[in-house]
Amino acid sequence: MAEAANIGSRSSRWSLQGLTALVTGGSKGIGYAIVEELAGLGAKVHTCSRNEAQLNESLHQWSAKGYHVTASVCDMASRPQREELIAKVSGLFNGKLDILVNNVGTNIIKETTDITEEDFKFLVSTNVESAFHMSQLAYPLLKSSEAASIVFISSIAGVVSIDMRGTIYSATKGAINQLTRNLACEWAKHNIRTNCIAPGPINTPLAEKHLKEEKVLDGFVSQTPLGRIGEAEEVSSIVAFLCMPGASYITGQTICVDGGLTVNGLSI
């Protein structure tokens, strides 16, 4: 039987001090909150975004708070740019990465019959292929850590059916949930833990276009036991926990952060 991991002292179990992390799509929304959470707990964080101006503004804010964050412009839908990103991260962190957060994701709100071939390819490339490829590319760096953690950001749309005109989006998130389980089993021998967060409706720029319809917003709130929309920091705190030594026996899990929505039933 494999020996238990060295979980260290009580204080070290709840710290990320000295660890290295890559968070994709960290300039806004949940990604921004994750970068700030990890950095605030002592991790050295590198992040990326397609929007250089937004990225620079975020870096300015983090620097003012004393956080150790670096960043680069990267379109996660581009395979060559993903490869460049990992090469840069490898150089920054001396070939070792402790935490990979695959956060990037997007949606196209259309009826299923209106989804075009281009829509389908874009969603699959951005939501699934990028996360899969980033995990592949980061594998040697994570393996060098000897106690690494991957966290995927999925959605409750990959767990239950939600009437939000996002069939392909939901399918991509379901794929991420299964990818989490497979990698958790395949890479456990290298002590690489893999987990997934499936947020419900959260106050983010991406969610605004879904929640601007009063009927949709009221439907979510009325069926959420906690009676409100979530905040990005309520997602980032769970991500940070999963990356800590204190979570060393948790892997392969998809955790819904949704105020109880998925266990209450949906009829929006």
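Of the whole protein surface, K121 contributes about 120 Å² of accessible area at a 1.4 Å probe radius. Per residue, the range 155-246 exposes 44 Å² of solvent-accessible protein surface, assessed with a 1.4 angstrom probe and all protein chains in place. Using a Förster distance of 30 angstrom, determine the FRET efficiency expected from the C-beta separation of R50 and S144, and round it to 0.05. Taking R0 as 30 Å, the efficiency between R50 and S144 is 0.60. With a threshold of 19 Å on the Cα-Cα distance, the over-threshold entries among K143/K173; K65/K88; K65/K96; K44/K65 are K143/K173; K65/K88; K65/K96. Computed per residue of the chain from DSSP H runs no shorter than four, each worth -39500 (n - 2.57), the mean residue ellipticity at 222 nm is -13500 deg cm²/dmol. Distance between the modelled labels on E111 and Q61, one decimal in nanometres: 3.8 nm (7 Å Cα→Cβ projection). Solvent-accessible surface of the range 24-74, taken per residue with a 1.4 Å probe and all protein chains present: 43 Å². Among the chymotrypsin sites (Phe, Trp or Tyr not before Pro) found in the range 5-101, those both in a DSSP coil and sparsely packed, with 16 or fewer other Cβ atoms within 10 Å of their Cβ, are W14.
Can you list which of the GluC sites (Glu not before Pro) found in the range 66-147 are DSSP loop residues with at most 12 other C-beta atoms within 10 Å? Intermediate results must be reported in sequence, preceding the final value.
Numbers: sites: E83, E84, E111, E117, E118, E129, E146; in loops: E111, E146.
Within the range 66-147, the qualifying GluC sites (Glu not before Pro) (loop, at most 12 other Cβ atoms within 10 Å) are E111, E146.
Extension gain for E214-E231 works out to 4.3 nm (0.36 nm per residue, less the C-alpha to C-alpha distance). Among S63, A184, A232, pick out the residue whose Cα is farthest towards the positive end of the charge dipole of the chain, where Lys and Arg carry +1 and Asp and Glu carry -1 on C-beta, about the Cα centre. With unit charges placed on the Cβ atoms, the residue in question is A184.
Our estimate of slack between W14 and K88, defined as 0.36 nm per intervening residue step minus the Cα-Cα distance, is 23.8 nm. Peptides 149-161, 170-182, 49-61, ordered by how many other C-beta atoms sit within 10 Å of their residues on average, highest first, read 149-161, 170-182, 49-61.
Would you work out what percent of the accessible area of the chain, with all protein chains in place, is carbon or sulfur (probe 1.4 Å)? Looking at the chain in its full context, I get 52 percent from C and S.
With an 8 Å cut-off on Cα pairs and a minimum separation of 6 or more residues, tell me the relative contact order of the range 33-95 in percent.
30 percent
The values are calculated or read from the model by the stated rules, or taken from the named source; none is laboratory data. Bear in mind the structure is a predicted one, so any value in this text is a computation, not a measurement. No Cβ is skipped: glycine too gets one built from the backbone with ideal geometry, and neighbour counts run over all protein chains shown. Areas reflect the complete protein model, heavy atoms only, side chains present, ligands, DNA and RNA absent. Shrake-Rupley method; radii C 1.70, N 1.55, O 1.52, S 1.80 Å.
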